[in-house]
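Undergrad: To start, I am sharing the structure in question, which I have written as structure tokens.
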Amino acid sequence: MEHDVARAPRLTESASAVFAVLAQAGTATRPQLASLARLSKPTVSSAVAELEGVHLAAHSGTSSGGTGRSAAVYRLGPAAGAVLAVDLGPALTRVRGCALDGTLLAEATGPRDDAADVVRDALSALPADAPLRTIVVAVGDVTPPQRMRPATAKAGPVFDAVTVALPPGVPVHLENNVNCAALAELHEGAARGRHTFGYLRIGVGIGLGIVVGGQVLAGANGAAGELARLPYPWDDDLEPRHEALEEYIGSRSLLRRAAEAWPESDGARPRTAEQLFTLAGQGSAAADAVVARHAVDVGRLAAAVTAVLDPGLLVLGGSTGAYPQLLPGVRAELERLSWPTEVVSSQVGDLGTVVGAARLAVARGVQTVTEAARTKD
């Protein structure tokens, strides 16, 4: 299904400001819009009329106040459009389509190899008359823009396949998947109310989302938090290898260590992290020993992060990091090596990346509309 990708109409600065606060509020009366946008009531009335004229705002009912007087309530109009968020995960592709006020309009999930079809499914579920304002794609690595490559080899082939399914003419932005998940924890998860924290993802790979002052720290090259690049091992007789730390802590090595330590008397060895943690929870001594060792390793990585950032809070996420069974061992090792730092498990789970990507997409979508403001009031 084709989607309209028409450019947003040119707006006055006041209409642009009112649109932005209406998108954030969802619904609001004109007095509420005046307060949120810090504009006079006559200016807001003119701005709302302008937005209604181009279908960027619409009347959605009335609200009765304490004095018995009623006020018109407004919402975004049909021309405001929609955005798309795509999480190209290691195993699954998750897609969400949202209105510019954050309302969920469509979602789809499927195998990573079928990423293009998953994107098409989500697009087909969006309102056909809603202009698609922007698309955010979350990937494992993002190459700095000056290198003129959209993604590293970790996501390149799949990303190339997905682009075929995307409507032409819509701006596409690549974002780091760990940073997206950190945003989800900030707004909807374990870090709500905290303006500075670290989101430590441990799964197939490792990564760190750094939030300072409520904003994700990207770094000069967009590579802040790439823990895989930490030199490892540090030893007099060993040379650090490229991404060796990620290889050691990642889930593939975790399962290999479990296989090597698994006694024949315990039956079939665990083949997934989920099986390993389930067996540990059921009292398997072998599984518990592997999980305990993994917690120590993650605790040492957490100590390195704490030494550099002093984040105050670390949120553990990822396909292995999110298991609460790791918390006691991580906390103990971190306390042994560094100063007291709160450590909690992720609350958004596997949906964190697409939830955060959707937030970024909504923000960028609103920006595409408000940037159309070029005339003075």
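The values are calculated or read from the model by the stated rules, or taken from the named source; none is laboratory data. Please read all numbers here as calculations on a predicted model, not as lab measurements. For neighbour counting, all protein chains shown are included, and Cβ atoms are generated from backbone atoms with ideal geometry for every residue, glycine included.
Undergrad: Hey, can you tell me all the residues within the stretch 194-235 that are acidic (D, E) and touching an Asp or Glu at 6+ places or on another chain (Cβ under 9 Å)?
TA: Result: E226, single match.
Undergrad: Can you tell me which residues in the stretch 186-210 are in contact with a Pro (Cβ under 8 Å, 6 or more places away or on another chain) and either more than 12 Å from G312 (Cβ to Cβ) or not aromatic (F, W, Y) (or both)?
TA: Passing the criteria: T196, G198, G203, V204, G205, I210.
Undergrad: A further question on this structure: Among (1) farther than 14 Å from A322 by Cα; (2) crowded, with 22+ Cβ neighbours inside 10 Å; (3) touching a residue at least 60 places away in the same chain (Cβ under 8 Å), where does L186 come up short?
TA: (3)
Undergrad: Additional query: Out of A258, A280, A295, which single residue is in contact (Cβ under 8 Å) with a residue 40 or more places away in the chain and under 25 Å from L334 (Cβ atoms)?
TA: A280
Undergrad: Taking the stretch 225-276, which residues are of a type in the set (S, T, Y), under 20 Å from Q325 (Cα atoms) and either surrounded by 13 or more Cβ atoms within 10 Å (Cβ to Cβ) or not assigned by TED's automatic domain parsing to the domain that holds P324 (or both)?
TA: If the condition is that a residue be of a type in the set (S, T, Y), under 20 Å from Q325 (Cα atoms) and either surrounded by 13 or more Cβ atoms within 10 Å (Cβ to Cβ) or not assigned by TED's automatic domain parsing to the domain that holds P324 (or both), then Y248, S251, S253 are the ones that fit.
Quick grid of which residues meet (1) at pLDDT below 95; (2) among the β-branched types (V, I, T); (3) more than 30 Å from V18 (Cβ to Cβ):
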site	(1), (2), (3)
E260	yes, no, yes
P263	yes, no, yes
L276	no, no, yes
H294	no, no, yes
P311	no, no, yes
V344	no, yes, yes
D350	yes, no, yes
E371	yes, no, no
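Undergrad: If you don't mind, there's one more thing I want to ask. Collect the residues in the stretch 41-71 that are exposed (fewer than 13 other Cβ atoms within 10 Å of the Cβ) and outside any helix (DSSP H, G or I), keeping them in residue-number order.
TA: Answer for the stretch 41-71, where residues must be exposed (fewer than 13 other Cβ atoms within 10 Å of the Cβ) and outside any helix (DSSP H, G or I): H59, G61, T62, S64, G65, G66, T67, G68, R69, S70.
Undergrad: Ok, one more. Hey, any hits in the stretch 84-103 for a residue that's farther than 22 Å from A361 by Cα, of a type outside the set (K, R) and surrounded by 17 or more Cβ atoms within 10 Å (Cβ to Cβ)?
TA: no
Undergrad: Filter the stretch 323-339 down to residues that are crowded, with 22+ Cβ neighbours inside 10 Å and within 18 Å of A280 (Cα to Cα), then give me how many there are.
TA: 3
Undergrad: Taking the stretch 333-366, which residues are touching a helix residue (DSSP H, G or I) at 6+ places or on another chain (Cβ under 7 Å) and in a helix (DSSP H, G or I)?
TA: Once the filter is applied, which keeps residues that are touching a helix residue (DSSP H, G or I) at 6+ places or on another chain (Cβ under 7 Å) and in a helix (DSSP H, G or I), the stretch 333-366 yields E333, L334, L337, G352, T353, V355, G356, A357, R359, L360, V366.
Undergrad: Return yes or no: is T134 buried (at least 23 other Cβ atoms within 10 Å of the Cβ) and within 25 Å of A20 (Cα to Cα)?
TA: Details: buried (at least 23 other Cβ atoms within 10 Å of the Cβ): yes; within 25 Å of A20 (Cα to Cα): yes.
Taking the combined requirement at face value, the residue satisfies it.
Undergrad: Only one of (1) modelled with pLDDT of 95 or more; (2) over 27 Å from the mean Cα position of the chain (by Cα) is not met by K376, so which one is it?
TA: Condition (1) is where K376 drops out.
Undergrad: Select, from S60, S45, S124, the only residue that is within 16 Å of A15 (Cα to Cα) and among the polar types (S, T, N, Q).
TA: On the way: S60 fails: within 16 Å of A15 (Cα to Cα); S124 fails: within 16 Å of A15 (Cα to Cα).
The match here is S45.
Undergrad: Given the residues A151, A191, A182, which is the only one that is at pLDDT 85 or above, in contact with an Asp or Glu (Cβ under 7 Å, 6 or more places away or on another chain) and outside any strand (DSSP E or B)?
TA: Checking each option against the conditions leaves just A191.
Undergrad: Turning to a different aspect of this structure: Just to be sure, is R293 in a helix (DSSP H, G or I), among the basic types (K, R) and either in the same structural domain as Y199 (by TED's automatic domain parsing) or exposed (fewer than 14 other Cβ atoms within 10 Å of the Cβ) (or both)?
TA: The answer is yes for R293.
Undergrad: If you don't mind, there's one more thing I want to ask. Looking at the stretch 104-127, which of its residues are surrounded by fewer than 22 Cβ atoms within 10 Å (Cβ to Cβ) and either in a helix (DSSP H, G or I) or of a type in the set (D, E, K, R) (or both)?
TA: Result: E107, R112, D113, D114, A116, D117, R120, D121, S124, A125.
Undergrad: I'd like the full set of residues that are part of a helix (DSSP H, G or I) and either closer than 20 Å to R269 by Cβ or of a type outside the set (G, A, S) (or both), limited to the stretch 232-257.
TA: Across the stretch 232-257, the qualifying residues are L245, E246, E247, Y248, I249, S251, R252, S253, L254, L255, R256, R257.
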